[in-house]
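Undergrad: The structure follows.
The values are calculated or read from the model by the stated rules, or taken from the named source; none is laboratory data. Predicted, not measured: the structure shown is a model, and the values here were computed from it. Neighbour counts are summed over all protein chains in view; Cβ atoms, including those assigned to glycine, are modelled from backbone coordinates with ideal geometry. Keep in mind that these areas ignore ligands, DNA and RNA; they rest on the heavy atoms of the full protein, side chains included. Shrake-Rupley method; radii C 1.70, N 1.55, O 1.52, S 1.80 Å.
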Amino acid sequence: MPVLRSRGSPRRTGWCYEYRRAAGRIVIALSCRRPWYGGGGGPIADEEWFQDAFEEHRRALHAHCYRLAGNVADADDLVQETFLRGWRSRTQYAGRASIRTWLYRIATNVYLDQRKAAARRTVPVGDPMEWSTEIGPYPDALLGQDPPSDLVARETVELALIAALMYLPPRQRAAFVLRDVSGWTPAEIADALELAVPAVNSLIQRARKTLRHYAPGDSRHWRRPVLTAEDEEVLRRYAAAVDPASFKELLAEDVRITMPPDPAICGIEAAAEFLGRAMDWRTFPSAANGRPALICYLRRPGSDWYDATVVDVLTIENGFIVESNAFVGAHHILAFGLPASIEA
């Protein structure tokens, strides 16, 4: 892999949370020490305790925010605001609930507040993977090695489920994710959302009814798949393909390419012609949502730089690509820790 030289582009450096305010910029770097929960059951004001506790649950919290928001950039914003709200109210935490529950409650309400302040919600029509620009890939590297107790929740980032959640209004989405993914009780959700338990049960029931039409029926299929050696080999050949003929060898007859907001491309002939266009690409293999992914930089004629353009997330069955979900935009590449442009 060539050395990447960025052209003044933003990139992630570890998990340093960066906040911009009118008076300048504040950078808060989190430590990795084990948290200290204080004693006596009273309010805890220790700053190191809060930073350490937040760091312990950061990865799982980020995945939770991704399930709510559908993309990494918005999940980053939710996590940052959760940190700030938690920091301001850290002296109010009295230990009646676990620190994880407390942070999830803050994050969920941050999401609901942001959705409330946003423009009117678009009602989905058709497959969100074909039209929604709110959905983005989740790099496998962000999941890390969480404790075994978090295994099911951290694996629940399958794109089919993320797309199905787009059909739910914000409060239904929040209630469903907390109940059926994170395993909260209706009483815990009611307390977090400041609703009555019957209202929470109604939200969950309506969400489940909607998702029966759009999400995989078996909840085991909500989890990210396991990347296999065959997947990696197909990805290698996909990255090396240069013309319609070489792409055609890798594609299923009924292959589909989605790339919102542009229309989907269906069928092996159309897909091979589209992928085999003569363009100057530089690509890097990766993985997202448990699937092989190719990060693609495009060099335009006369430019000395390759610009971050698209992430292709592949679905492979029986050795052939049956679907490629193309997420267009530099912000998707930045989620993988790569720069917005690299020198030719």
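Undergrad: Would you calculate the separation in nanometres between label points at Trp87 and Ala245, each defined as 7 Å from the Cα along the Cα-to-beta-carbon direction?
TA: In this crude label model, Trp87 to Ala245 measures out at 5.9 nm.
Undergrad: Lys209 accessible area, nearest 10 Å², 1.4 Å probe?
TA: Around 130 Å² of this residue is reachable by solvent.
Undergrad: Now a separate question. Expressed as a whole percentage, what fraction of the accessible surface of the range 231-331 belongs to carbon and sulfur atoms when a 1.4 Å probe is rolled over the protein heavy atoms?
TA: The C+S portion of the solvent-accessible surface of the range 231-331 is 52 percent.
Undergrad: Also: Spin-label point model (7 Å from Cα, Cβ direction): what's the Val328 to Ala97 distance in nm?
TA: Spacing of the two 7 Å Cα→Cβ label points: 4.1 nm.
Undergrad: Let me ask something else. Calculate the FRET efficiency for Ala73 and Glu269 from the Cβ-Cβ distance with a Förster distance of 35 Å, rounded to the nearest 0.05.
TA: 0.50
Undergrad: Now for a different question. Leaving ligands, DNA and RNA out of it, rank Asp304, Asp312 by accessible area with a 1.4 Å probe, largest first.
TA: The most accessible residue leads, giving Asp304, Asp312.
Undergrad: How much length would be gained if the chain were fully extended between Ala160 and Asp191, taking 0.36 nm per residue of separation minus their Cα-Cα distance, in nm to one decimal?
TA: Net length gain for the segment: 8.2 nm.
Undergrad: Between Asn289 and residues 5 or more places away or on another chain, which pairs have amide H atoms under 5 Å apart, with H built 1.01 Å from N, and which residues are they?
TA: Under 5 Å from the amide H of Asn289 lie the amide H atoms of Tyr138, Asp140, each far enough along the sequence or on another chain.
Undergrad: Quick one: what are the phi-derived ³J(HN,Hα) couplings along the range 320-328, Karplus 6.51/-1.76/1.60 with θ = phi - 60°, whole Hz, x for glycine and proline?
TA: Working through the residues one at a time gives 10, 7, 9, 7, 10, 9, 9, 9, 8 Hz.
Undergrad: Fully extended, how many nm does the chain gain between Asp254 and Ala278 (0.36 nm per residue separation, minus their Cα-Cα distance)?
TA: Full extension from Asp254 to Ala278 adds 6.3 nm.
Undergrad: Read phi for every residue in the range 87-103 and hand back ³J(HN,Hα) as whole Hz from Karplus 6.51 cos²θ - 1.76 cosθ + 1.60, θ = phi - 60°, with x for Gly and Pro.
TA: Karplus values, whole Hz, x for Gly and Pro: 4, 5, 10, 4, 6, 8, 6, 10, x, 6, 10, 5, 4, 4, 4, 4, 5.
Undergrad: Heavy-atom accessible area per residue, the range 250-325, 1.4 Å probe: how many Å²?
TA: Ligands and nucleic acids excluded, the figure is 42 Å² per residue.
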